[in-house]
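Take a look at the structure below.
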Amino acid sequence: MDLTETTRTALAALFSGEAASTTPVAGDDAPEAAAEPAPFGISEPDPVRTGTWLEVRCRPDQVVEAARILDDQGFFLESIAGVDWPDSGQMEVLYDYNRLGGTTCRVLVRARVTRDEPVLPTISHVFPAADWHERETFDFYGVRFEGHANLIRILLPEDADFHPLRKDYQP
Amino acid sequence: METSIWRALFYLVGIMAFAALNAAYLVWCERKGAARIQRRSGPTEVGYEGLLQPLADGLKLMSKQLLVPRGVDGVIFRLAPVLAMIPGITSMVVIPFSGNIQARAMELSLLLIFALASLGMIAILLGGWASGNKYAIISSARAVSQNLAYEIPMLITAITVVMISGSMNLREIALDQQGGFWQWNIFRLENGHFLTMWVSFIIFFICSVAETNRAPFDMAEAESELVAGYMTEYGSMGYGLFMMGEYINIVVGACLTATLFLGGWDCPFGLTSGVWWFILKIYILIFTVIWIRWTYPRTQIYRLLNLSWKILIPFSMANLLLTAALIKVF
Amino acid sequence: MNVPVHLRPDETFVLNLGPQHPATHGVLRVKLTMDGEYIVHAEPVLGYIHRMHEKLAEAGTFAQFMPNTARMDYLHALAFNHGWALVVEKAAGIEVPERAEYIRVITVELNRIASHLLWWAAFLLDLGGFTPLLYAFDDREQIIDLLERVTGSRLTYCYMRFGGVCNDIDDEFVAGTRAFIQRLRGRLPRIYHDLVTHNIILIKRIKDIGFVSAEQCRRYGATGPVARGSGISYDVRKNEPYSVYPEFDFDIPVFPEGDSMARYMVRMHEIEQSLRIIEQALDKLPGGPVLGKVPKMLKPEAGYSYSAVETARGSLGHRLVCDGGKNPYKLKLRSPTFSNLSLYGEVAEGMLLADALAFMGSLDLVIPEIDR
């Protein structure tokens, strides 16, 4: 099996035997969402156009499990990005994983949380790289990462009380 | 030896003038030398080829505010730069520029110079400590450990010269080497000393570069790491005095090397000697020191100290024993 | 040399390697808890040159963001141009003519050499060797003159457009580049290697200093020369090829030792490999247009795209989210130095101050790229 296949099989453990795991996050069904939230599960998009070999939509609490699976498979954390979807009242956090050497296989793990209480468990004990990336996502979006040892702002001044990359931010 | 007041006055003015001119124009030499090594031209605007640049720099330094930051130890802070100048200028009293030009020929002139060198080290320590700046304190600590480590091989190799010449009087040491380069201590052919003297010369030269805190031994003022080291808090003439002190120390180190190993004012081919040969020799040595600075990067502090304690000291002690053995045998 | 240091609160002091410091290549602050000359804890503090480029991307159109890309890593600005052009071309499905791809490769590789030369100069300046700066800048000036002919800028290039490049290269550029390649090839062994790389003081200063293991690189996401200096053979140009890199025959220098000397050698060898790529690209340069047909107002369809390019410092990623409008909905810049610096805290523990600064220099930091 090639790398994409092996990784997909490993990640399928996230969704195995859970019929009710697909409880949508509040707002998933809001009409007029600018980009349709992807259904739960794993999909294989076109790597030429999207640059990703596997896309995984999981629940917020499954993020750590996904990170652990990918760590066992030998991936590294490339980046953590937040996206604000105010129309559906959700915020999305994108985790990009990639391979260091050998065949490339970029895996995008996404999780959606509500905009009012954006909370996700931290993966910094699995990947120390997440330490700074999560601080940055907190800094720009206000997403709290539970269990992070030092969740303070990283790029903005320590006393700032705003999160600039939110769509409703007024300077 | 006369003790007339005119003689004392003449030498006082002369030495101060020599020291001050050197401090000023060695900066020019350094900047030009550095520039040429780096494929650029250096100061060219002020005066012909930038010869008036030191004047401009001096005026600039003197016209700046003599800033004494709050929280420094007032007396010591002001005292340290002055203390840095004292050893250099005072050492020049005993240096024999030629057979007739020497301020004071003392019996223990070599000892005097080494004693004053330690005073220079104290000036660095006081300057760093009084600044109350963490970088300055780190730099002073480094400078003291370095100077201490390198004084020892310097003294030991100087002793080998003293043993051969039989005197600590710099004038006598120089007179002992008159008559052409084969008589110089570095090449001393008689009694087989040529085996050991060149080792002494190399060790002494390395130590004099290290004692004056010049690259690659410039831990104390490691510009890229500690901002300006012990000189960080000094502005204007405080900084000016430290830099002048450093250049005068280089001159004294070169004079000492020339006197101890290269025959003082002696002409290498056995013809008419004179003060110009001495001047030529010290400037060749100073040029070499400048050349080394702009070629090599800096070492680490523990490697620096290792070089002294584990390599230079054993070699110089072995050298000393060998010289003593040769003197005894022949 | 790393020694295990025990934290004794009453015997340590905090030294601020402040935002203004000759060795921190930009405005980086590192809070060092020191025990004498040994570092007990190192904490980089970022954000002194944070300009919120990601919000600026959302505020303007896709084309309006192109000048911003050069302001992040100004030393390898053309690679940042390339990354942005690549992600938008992926999202919008724009074709790039072959000649434009070749020109992109030639200019990006020239810029890579310039970036490595400046890194070499600054690294040696940190170590106390003042002269190599002038020698490296001599060669760098040649590159900058060449690139200025073609792009119009000396440092912050805004040369690439979606669908190609904005200006064609002429015969003088080609002749000048060939002459430069010969000149640098002649100078590398004498001036760069004989005088500096084989200098015993430099070797003692960087050998066995700042050991980074391959596992640490993976856990912190370090890429580029930092990873290749620890034995990981990862280069986006080979592992995730883009543009016309598959057409060229070049090697990826990998050194397994993991110390600063390995990272130094990786970058020096990369200069030589870049010269090879440029030579082959000049030989194979096709004719044709340099800018494809692109709609005036780009509106890529909604979706998520990622592009990765290899800059002088590592893998630069652009994570783009489009919503069908004329502005990007979200742009995340994955900056290589951000990930490279994150391992500094762990590796610098127990090091001497001078060694920690040599290690920081070997990481090749450009702070505006970290802070965006």
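The values are calculated or read from the model by the stated rules, or taken from the named source; none is laboratory data. This is a predicted model, so every value here is computed, not measured. Ideal geometry is used to build each Cβ from the backbone, glycine not excepted, and the neighbour counts take in all protein chains shown. The area values use the complete protein model at the heavy-atom level, side chains included, leaving out ligands, DNA and RNA. Shrake-Rupley method; radii C 1.70, N 1.55, O 1.52, S 1.80 Å.
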The number of residues in the range C:320-350 that are closer than 25 Å to C:Leu118 by Cβ and either at the interface with chain A (Cβ under 9 Å from one of its Cβ atoms) or not β-branched (Val, Ile, Thr) (or both) is 12
Failed condition for A:Tyr97, given (1) over 20 Å from C:Lys90 (Cβ atoms); (2) aromatic (Phe, Trp, Tyr); (3) at pLDDT 75 or above: (1)
Counting only residues that are open to solvent by 40 Å² or more (accessible area, probe 1.4 Å) and in contact with a Gly (Cβ under 8 Å, 6 or more places away or on another chain), how many does the range B:124-134 have? 1
Scan the range C:197-208 and tell me whether some residue there is at pLDDT 90 or above and at positive phi. no
Single match in A:Asp46, A:Asp61, A:Asp29, A:Asp2 (criterion: closer than 26 Å to A:Arg115 by Cα, open to solvent by 40 Å² or more (accessible area, probe 1.4 Å), among the acidic types (Asp, Glu) and modelled with pLDDT of 70 or more): A:Asp61
Filtering the range C:42-88 down to residues that are among the charged types (D, E, K, R) and under 18 Å from the mean Cα position of the chain (by Cα), which residue is most open to solvent (accessible area, probe 1.4 Å)? C:Arg71
Inspect all residues belonging to the range C:89-99 and state whether any of them is out of contact with any Asp or Glu (no Cβ under 9 Å at 6 or more places or on another chain), open to solvent by 30 Å² or more (accessible area, probe 1.4 Å) and not aliphatic (A, V, I, L, M). yes
Among the residues of the range C:75-112, which ones are among the charged types (D, E, K, R) and within 13 Å of chain A (Cβ to nearest Cβ)? C:Glu89, C:Lys90, C:Glu95
Within the range C:184-230, can you find the residues that are within 30 Å of A:Gly74 (Cβ to Cβ) and small (Gly, Ala, Ser)? C:Gly210, C:Ser213, C:Ala214, C:Gly221, C:Ala222, C:Gly224, C:Ala227, C:Gly229, C:Ser230
When residues of the range B:44-69 are filtered for being more than 25 Å from the chain's Cα centre (by Cα) and in a loop (DSSP other than H, G, I, E, B), how many remain? 10
Quick check: anything in the range A:73-87 over 11 Å from the mean Cα position of the chain (by Cα), over 26 Å from C:Asp323 (Cβ atoms), outside any loop (DSSP other than H, G, I, E, B) and away from every other protein chain (no Cβ under 11 Å)? yes
Of all residues in the range C:215-239 being open to solvent by 10 Å² or more (accessible area, probe 1.4 Å) and within 8 Å of chain A (Cβ to nearest Cβ), which is nearest to C:Ile106 (Cα to Cα)? C:Asn239
Enumerate the helices (runs of 4 or more DSSP H) found wholly within the range B:239-330, keeping only those where 2 or more residues are closer than 30 Å to C:Ile203 by Cα and within 14 Å of another protein chain (Cβ to nearest Cβ). B:275-295, B:301-306
Condition set within 10 Å of another protein chain (Cβ to nearest Cβ) and farther than 10 Å from A:Leu100 by Cβ, scope the range C:204-214, selection farthest from the chain's Cα centre (by Cα): answer is C:Lys204
In the range C:303-342, anything touching a residue at least 24 places away in the same chain (Cβ under 8 Å) and open to solvent by 10 Å² or more (accessible area, probe 1.4 Å) is listed as C:Gly303, C:Gly324, C:Gly325, C:Lys326, C:Asn327, C:Tyr329, C:Ser342
Restricting to the range A:117-133, and then to whatever is farther than 13 Å from A:Arg68 by Cβ, in a loop (DSSP other than H, G, I, E, B) and not aliphatic (A, V, I, L, M), can you tell me which residue is nearest to the other protein chains (Cβ to nearest Cβ)? A:Pro128
Do you know which residues across the range B:54-84 are more than 18 Å from B:Glu233 (Cα to Cα) and either in contact with a strand residue (DSSP E or B) (Cβ under 6 Å, 6 or more places away or on another chain) or open to solvent by less than 30 Å² (accessible area, probe 1.4 Å) (or both)? B:Pro54, B:Gly58
Listed residues B:Val75, B:Val46, B:Val27, B:Val68; which is of a type outside the set (Phe, Trp, Tyr) and in contact (Cβ under 8 Å) with a residue 12 or more places away in the chain? B:Val27
Which condition from (1) closer than 23 Å to C:Gln273 by Cβ; (2) basic (Lys, Arg); (3) surrounded by fewer than 23 Cβ atoms within 10 Å (Cβ to Cβ) is the one that C:Arg112 breaks? (3)
Can you tell me which residue among B:Ile152, B:Ile137 is among the hydrophobic types (A, V, I, L, M, F, W, C), closer than 19 Å to C:Gly36 by Cα and surrounded by fewer than 23 Cβ atoms within 10 Å (Cβ to Cβ)? B:Ile137
Total residues in the range C:164-190, condition open to solvent by 30 Å² or more (accessible area, probe 1.4 Å) and either outside any helix (DSSP H, G or I) or closer than 15 Å to C:Ser260 by Cβ (or both): 4
Could you tell me whether C:Ile49 is outside any helix (DSSP H, G or I), in contact with a Gly (Cβ under 8 Å, 6 or more places away or on another chain), touching a residue at least 40 places away in the same chain (Cβ under 8 Å) and within 27 Å of C:Trp119 (Cβ to Cβ)? yes
Report those helices (runs of 4 or more DSSP H) wholly inside the range C:191-285 carrying at least 3 residues which are of a type in the set (A, V, I, L, M). C:200-206, C:260-284
For residues that are within 14 Å of chain A (Cβ to nearest Cβ) and surrounded by 12 or more Cβ atoms within 10 Å (Cβ to Cβ), tally how many sit in the range C:283-302. 3
When only residues in the range C:120-143 that are open to solvent by 10 Å² or more (accessible area, probe 1.4 Å) and within 17 Å of the chain's Cα centre (by Cα) count, which is nearest to B:Pro216 (Cα to Cα)? C:Ala122
Which numbered condition trips up A:Glu146, out of (1) without any contact (Cβ under 8 Å) to a residue 24 or more places away in the chain; (2) more than 11 Å from chain C (Cβ to nearest Cβ); (3) of a type in the set (D, E, K, R)? (1)
